[in-house]
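**Q** This structure is in structure tokens; I'll ask about it shortly.
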Amino acid sequence: MGSGAPAGRRRWLLFTSVVLCCVAACRGSVHTSQSEVRVPENSPATLSCSYTGYASPRVEWKYTHGDVTGLVYYNGKITASYADRVHFMPSGIAFTKATRKDSGRYTCMVTDEDGNTYGEANIQLIVLVPPSKPVANVPSSATIGNRAVLTCSEKEGSPPPEFFWFKDGVPIPSNPKANRAFSNSSYTINEKTGELVFEPVTAFDSGDYVCEARNGVGPPVRSEMVRMEAAELNVGGIVAAVLVTLILLGLLVFGIWFAYSRGYFDRAKKGTPGKKVIYSQPSARSQGEFRQTSSFLV
């Protein structure tokens, strides 16, 4: 009986292994040979998707870009917004002409009709678009010792471009100490966002600034040139403005005092004089006759 227990245990382990292998073999799997697809704008694009282990597979395709989500293939047909330019195939979907708006993540979702088996594969579609002319936002003046932020923006390029700055025609290095012309400046550059931040601004930062957008699709594109002047804080002007304000305030106070001293405010408070009473003497009257001859006029 002692030998029977180990034999039973072995049979149980063998049975469990067979069941687990069957479950693993029967579980559906979804995969793609391309996690990223890059195509020029207005060119065809094919997104492949293959799957195994589904008795009655149901396939759907979903699109996601930022906060935007939509269905490309659902309930056995291409949705209305893609009907004229996307075709479904058992091996994937194909765009006849991909546009910049089609850039995003596409998910191939496969499930059995009973809903017990599910799998998915993701493909990133990047429609290549050269950058447009960037816009450089540069303050016309900056105070020495303060912080100044220069920005560069561009919204058409795909993939999103990186940004580079030039001052007086010379490329601005990411490290100020890398070029003697910028060794006296203190700044940081973010090539992803296009921000050039001076902290603090120095007298050497005056100049003509240009930003350039690059994404590897087409030639780099530069912005218009914008001038920035670095100047000292105008202490004299601030002092003069304060003095003028104090003088005007003093004149106002003097005017109020003068009006009070002359009694202008007291006169304004006095009302109209009261009603006058006029008394007239009685006139002569004959004997035996009495008439009211005096009168009060109010």
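The values are calculated or read from the model by the stated rules, or taken from the named source; none is laboratory data. What you are looking at is a predicted structure, and each value in this text was computed from that prediction instead of being measured. Methodologically, a virtual Cβ is constructed for each residue, glycine included, from the backbone with ideal geometry; neighbour enumeration extends over all protein chains shown. Please note that ligands, DNA and RNA were not included when accessible areas were found on the heavy atoms of the full protein model with its side chains. Shrake-Rupley method; radii C 1.70, N 1.55, O 1.52, S 1.80 Å.
**Q** Which whole-number value in Å² is the accessible area per residue of the range 37-147, probe 1.4 Å?
**A** 53 Å²
**Q** Suppose R0 equals 25 Å. What FRET efficiency, 1/(1 + (r/R0)^6) with r the Cβ-Cβ distance, do E224 and A203 give to the nearest 0.05?
**A** 0.55
**Q** So how much accessible area does L47 have, in Å² to the nearest 10, using a 1.4 Å probe?
**A** Its heavy atoms expose roughly 0 Å² to the probe.
**Q** For V149 and R262, compute 0.36 nm times the residue count separating them, minus their Cα-Cα distance, and round to one decimal in nm.
**A** Value of the extension gain: 34.9 nm.
**Q** Okay, next question. Student exercise: in the range 14-170, how many lysine pairs 8 or more apart or on different chains have Cα atoms under 16 Å apart?
**A** 4
**Q** Ok, one more. Can you give me the distance in nm between label points at S186 and E120, each placed 7 Å from the Cα along the Cα-to-Cβ direction?
**A** Taking the two extended label points, one gets 4.9 nm.
**Q** Would you list, by chain and number, the aspartates and glutamates whose Cα falls below 19 Å from the Cα of K192, excluding same-chain residues fewer than 8 positions away?
**A** Within reach: E154, E156, E162, E212.
**Q** Only sites in a loop by DSSP and with at most 12 other Cβ atoms within 10 Å count here; which GluC sites (Glu not before Pro) in the range 95-157 make the cut?
**A** Those satisfying the criteria are E113.
**Q** FRET efficiency for N137 and K97, Cβ-Cβ distance as r, R0 = 35 Å, nearest 0.05?
**A** Once the sixth-power term is evaluated, E becomes 0.50.
**Q** With a cut-off of 8 Å between alpha carbons and a minimum separation of six or more residues, what is the relative contact order of the range 38-161 in percent?
**A** Answer for the range 38-161 is 26 percent.
**Q** If you average the sequence gap of Cα pairs under 8 Å that are 6 or more apart and divide by the length of the range 137-226, what percent do you get for the contact order?
**A** Computed over the range 137-226, the figure is 35 percent.
**Q** Round to a whole number: what % of the accessible area of the range 32-83 belongs to carbon and sulfur, probe 1.4 Å?
**A** 49 percent
**Q** Which shape class applies to the range 185-229: rounded if a/c is under 1.5, otherwise prolate when a/b exceeds b/c and oblate if not, where a ≥ b ≥ c are the square roots of the Cα gyration tensor eigenvalues?
**A** It comes out oblate by the Cα gyration axes.
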